[in-house]
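To keep things clear, I will list the structure first and then write my remarks on it.
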Amino acid sequence: MTDVRAVPVLFVPAALLLTLGACGDSSYERPVQELVGSTMGTTFSVKVVAPPAELDLATLRQDIESTLDAINLTMSTYRDDSELAQFNASTDVGWIEVSPDFCHAVEAAQVISQFSDGAFDVTVGPLVNLWGFGPPGAVQEPPSEEQVAATMTNTGYAKLHVDCAMPALRKETAGVYVDLSAFAKGHGVDSVAGLLDARALPDYLVEIGGELRMRGSNAKGELWAIAIETPTRTARTVRTVVRLTNTAMATSGDYRNYFEHDGTHYSHTIDPRTGYPVSHNGASVTVVADSAAFADAAATALLVLGPDDGLKLAEQESIAAFFLLRLGNEFEERMSSLFATEVLGL
């Protein structure tokens, strides 16, 4: 992680959350070409500053879409024809041959599972589905304790084995089900950034569903200004803004995807260790890292752990993390020492 600096707190409409870098004095602004589209159940945006005349934007768009389509076909839980869906449908408990891309994604995710002691877990999918946040659709009330306990017999990252020398995966129980939802968007961002790097484009911002990676500077020649949202359920406002370059950022929160039953909010963020949605007062976690895939998964792990254990792990693993705690109608900020020094310059 390199070249990160602080910027004063700004409050802007939600539509400007990712375009702050284009605002301000227009006396010096380079042209920006933006490519947008849909992927992974959300949207993508690729901003290229001052694209060279020889850059074929149509070919670049085609390459971006092909790359994201390939990731979706590999990792989607919503496509019956995806490689992940086919692996999940198999009841074979022997080694199952998989593609190198799929294997390496699971291998990278398992590293985060291990150092978070299962707070991040790619086998959490059956619990996500049980609570109504997966492909089967929403539920009207929480599942019973018996349903949670029964579902957990097929979860646990230690029940999934990876050997990318083969490459292959193996389940310990036939019902193990892999869900890369907290990894795939970040992986997509990294892959698109790789396409731009291969073309030697020095200034760009890639975003998929809020996961980001940027290089160089914005249209005004400044570092990219990226907003961290206030984790409120009723409105979209900006809590703070950081200026970043040559790095990635992802946020995980409890405030967008949830259901309410008998006055209790049940977040889509499930603690794989208990089988239940997180219930502490940690509202969101933002992670800045070299890789968007790592930031995506690490933010999920730290949100599951909560502001105390999560901050402890962030310090232990040298993760730049920013926590927002819900205290009634107010929010408290906490951050790791790496976030304070390298992101905010404190």
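Each value in this text was obtained by applying a stated rule to the coordinates, not by laboratory testing. Nothing here was measured: the structure is a model prediction, and the numbers come from that model. Don't worry about glycine lacking a Cβ; one is built from the backbone with ideal geometry, like all the others, and counts go over all protein chains shown.
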Practice problem: Express in whole angstrom the spacing between the alpha-carbon centres of segment 271-309 and segment 186-259. | Solution: 17 Å
Practice problem: With an 8 Å cut-off on Cα pairs and a minimum separation of 6 or more residues, tell me the relative contact order of the chain in percent. | Solution: 22 percent
Quiz item: segment 103-155 to segment 56-85: how many Å between their Cα centroids?
Solution: 24 Å
Quiz item: Expressed in nm to one decimal, what extension gain is obtained for the pair Ser337 and Gln114 from 0.36 nm per residue of sequence separation less their Cα-Cα distance?
Solution: 78.0 nm
Quiz item: For Asp163 and Thr67 in one chain, what is 0.36 nm times their gap in residues minus the Cα-Cα distance, to one decimal in nm?
Solution: 32.2 nm
Self-check item: Phi-based couplings in Hz for segment 337-343 (Karplus 6.51, -1.76, 1.60; Gly and Pro marked x)
Solution: 5, 5, 5, 4, 7, 8, 9
Quiz prompt | Residues Ala174 and Ser99, FRET efficiency given R0 of 22 Å [Cβ-Cβ distance, rounded to 0.05] | solution = 0.55
Quiz item: Going by how many other Cβ atoms sit within 10 Å of their own, how do Thr155, Thr237 line up, fewest first?
Solution: Thr237, Thr155
Quiz item: Taking amide H positions as placed 1.01 Å from N in the peptide plane, with prolines and chain starts having none, which residues 5 or more places from Thr247, or on another chain, fall under 5 Å of its amide H?
Solution: Met214
Exercise. Give, in nm to one decimal, the length gained when the segment between Gln86 and Asp309 is fully stretched (0.36 nm per residue of separation minus the Cα-Cα distance).
Key: 76.7 nm
Quiz item: When Leu60, Leu327, Leu84 are ordered from fewest to most other Cβ atoms inside 10 Å of their Cβ, what list results?
Solution: Leu327, Leu60, Leu84
Exercise. Using only alpha carbon pairs under 8 Å that are at least six residues apart, calculate the relative contact order of segment 77-181 and give it in whole percent.
Key: 40 percent
Exercise. Would you kindly derive the ³J(HN,Hα) couplings of segment 186-198 from the backbone phi angles with the Karplus curve 6.51 cos²θ - 1.76 cosθ + 1.60 (θ = phi - 60°), listing them in order in whole Hz, with x for Gly and Pro?
Key: x, 4, x, 4, 4, 5, 5, 4, x, 5, 5, 5, 5
Self-check item: Karplus (6.51, -1.76, 1.60) ³J(HN,Hα), θ = phi - 60°, over segment 307-318, in Hz, Gly and Pro reported as x
Solution: x, 7, 5, x, 5, 4, 5, 4, 5, 5, 9, 6
Quiz item: To the nearest 0.05, how large is the calculated FRET efficiency for Ala58 and Arg79 if R₀ is 22 Å and r is the Cβ-Cβ distance?
Solution: 0.25
Self-check item: Distant-in-sequence amide H partners of Trp224 (H built 1.01 Å from N, under 5 Å)
Solution: Asn218, Leu244
